[in-house]
There are 2 protein chains.
Amino acid sequence: MADPTFISGKIVRVTEGQLFNEEDQVAVEEPLEIRLGNSPIAVTMRTPGHDRELAVGFLFTEGIIHSPDDIAAVTGPHRSLPNVVSVKLKRGLRFDRGRLKRHFYTTSSCGVCGKTALQAIRVKSQPISSGFKVPVALLYTLPERLREEQETFEETGALHAAALFDEKGEILYLREDVGRHNAVDKVLGAALLEKRVPLDRHILMVSGRTSFEIMQKALVGRIPVVAAISAPSSLAVALAREFKMTLVGFLRGRRFNVYAGRERIV
Amino acid sequence: MADPTFISGKIVRVTEGQLFNEEDQVAVEEPLEIRLGNSPIAVTMRTPGHDRELAVGFLFTEGIIHSPDDIAAVTGPHRSLPNVVSVKLKRGLRFDRGRLKRHFYTTSSCGVCGKTALQAIRVKSQPISSGFKVPVALLYTLPERLREEQETFEETGALHAAALFDEKGEILYLREDVGRHNAVDKVLGAALLEKRVPLDRHILMVSGRTSFEIMQKALVGRIPVVAAISAPSSLAVALAREFKMTLVGFLRGRRFNVYAGRERIV
């Protein structure tokens, strides 16, 4: 049974001073607790669905795991515990809890909280050397493909989307979530579980804006090209330039801006 | 000197297959380290400006401080440390660091990370009993007032806005940020510093969507009415209903939806 992405409720619609009692749908937001074995390590507010991919993607983009071989088992969510996913690591991969807590306390990659040192912001990573090139004409097609797949988006305007495209411009994964970081983690978790990482001939597209966070997650997946419908932040641009990633913004119709890595656009 | 909200950089604009070298502006995103005395307790990715309000608002909505009287001094950002603000608490208000770390580890109110227990999600708070009423005609005027004040928004589409309105529909504070939670924290920090809390005859308006987080922050400020241009999440609606708050969504032109607390709309 699929998780409900939207739920109905009674609302009052007001138009031109008149009140109407109606049913309306809102996007589901629920906490997901991610456990490493039996230890809770994070809770994220997410739209239910693809929860195992979200948990795996979170651990991957946080630097806790690096390959599907690091995972012994992923369990949950269960009917009795619908908001918990547990990832068991391979024997030999051990984290002492103290170290883990410090890790999350200092580097949990979130736009709002959790980092205690500026030094923890810049991820330790190599620039992306992929010689992957993207034709302008292919980029033009991405927003339409995203929209076609993203049936639910039009419905309430309440979900962020992230999609991974291959070099032919075909969508490999589309994931939606109330949290835009979650949508990206779901995509990266799916790709990791299917052994597609490094994603060095792929394009990550997001429905909104690009932040430092989004670029950091794409970098961990070794994705050379990130495209967005809206604007990037200054730090998203800085990260893209530092790590030789291509960053496209305002991709709408037959227009876009290239903020970094134009050598990949042909 | 005001902090730059936007910075210019070289981009390549692509239109109908033609490339143009141009200058474009992007919204500034920089980390802010918030310290309690000398101890770093959080880093948030924010748009510089109103940093003291952001630090105070963060501590307030996280439940670390409850009134301006809890603060002995707010220092920074300094030219030598442009991304650090330190809040010194009044003598007698002491937090042992272990407790503080656990607090942040378990309840840091973020959409993406930092919570380790589902039980920590629901804030401990009383329902809002304010008898404040809002005329439909006044609600209609808010988006236009927000837009008038929000000059920068149209420019890049890269900033979230939050505004606090009084009962006459006048804007008391408008704050913009790459992070929508930061925009709300800046507004609440400003209100706390000016001794306006509890904000029981006020309206909080946000330029985007409403999440559980946003409602939780409004609840801490005791704001009875929250209005948004876009949709709420299921948990935003649930929190509003549980704590007797009025939640308005899709406020555009002469239309809106009431998701909770319709008794305040007259």
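The values are calculated or read from the model by the stated rules, or taken from the named source; none is laboratory data. Just so it is clear, the model here is predicted, and its values are computed rather than measured. Glycine also receives a Cβ, built like all others from the backbone with ideal geometry; neighbour counts cover every protein chain displayed.
I'd like to know if the range A:142-153 contains one or more residues that are in a loop (DSSP other than H, G, I, E, B) and either touching a Lys or Arg at 6+ places or on another chain (Cβ under 6 Å) or at pLDDT 85 or above (or both).
No, the range A:142-153 has no match at all.
If you go through the range A:2-24 one residue at a time, do you hit one that is within 21 Å of the chain's Cα centre (by Cα), closer than 18 Å to A:ARG79 by Cβ and more than 10 Å from chain B (Cβ to nearest Cβ)?
yes
Would you tally the residues in the range B:159-170 being over 9 Å from the mean Cα position of the chain (by Cα) and of a type in the set (A, V, I, L, M, F, W, C)?
Residues that pass the stated criteria total 3.
For A:ALA163, state whether it is at pLDDT below 90 and not assigned by TED's automatic domain parsing to the domain that holds A:ARG52.
Answer is no for this residue.
Quickly run through the range A:171-187 and pick out the residues that are more than 14 Å from every other protein chain (Cβ to nearest Cβ) and under 9 Å from the mean Cα position of the chain (by Cα).
Once the filter is applied, which keeps residues that are more than 14 Å from every other protein chain (Cβ to nearest Cβ) and under 9 Å from the mean Cα position of the chain (by Cα), the range A:171-187 yields A:ARG175, A:VAL187.
Run down B:ALA227, B:ALA231 and say which single residue is more than 18 Å from B:THR61 (Cβ to Cβ), aliphatic (A, V, I, L, M) and facing chain A (nearest Cβ under 9 Å).
None of the others qualify; the one that does is B:ALA231.
Where in the range B:1-61 are there strands (runs of 3 or more DSSP E), lying fully within it, with 1 or more residues that are aromatic (Phe, Trp, Tyr)?
In the range B:1-61, B:6-15, B:18-27 are the strands (runs of 3 or more DSSP E) which contain 1 or more residues that are aromatic (Phe, Trp, Tyr).
Here is a yes/no grid of residues against (1) modelled with pLDDT of 90 or more; (2) closer than 30 Å to B:ALA227 by Cα; (3) touching a Ser or Thr at 6+ places or on another chain (Cβ under 6 Å):
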{"residue": "A:GLN18", "(1), (2), (3)": "yes, yes, no"}
{"residue": "A:SER39", "(1), (2), (3)": "no, no, no"}
{"residue": "A:VAL56", "(1), (2), (3)": "yes, no, no"}
{"residue": "A:ASP69", "(1), (2), (3)": "yes, no, no"}
{"residue": "A:SER80", "(1), (2), (3)": "no, no, no"}
{"residue": "A:GLY92", "(1), (2), (3)": "no, no, no"}
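More than 25 Å from A:HIS160 (Cα to Cα), at pLDDT below 90 and more than 17 Å from the chain's Cα centre (by Cα), is that true of A:ASP96?
Yes.
Consider B:LEU36 against the criteria (1) away from chain A (no Cβ under 13 Å); (2) in contact with a Leu (Cβ under 9 Å, 6 or more places away or on another chain); (3) more than 22 Å from A:LEU235 (Cα to Cα): it satisfies all of them except one. Which criterion is unmet?
Condition not satisfied by B:LEU36: (1).
Which condition does A:ALA228 not pass, out of (1) free of Cβ contacts under 8 Å to residues at least 60 places away in the same chain; (2) under 28 Å from A:ALA72 (Cα atoms), if it passes all the others?
(2)
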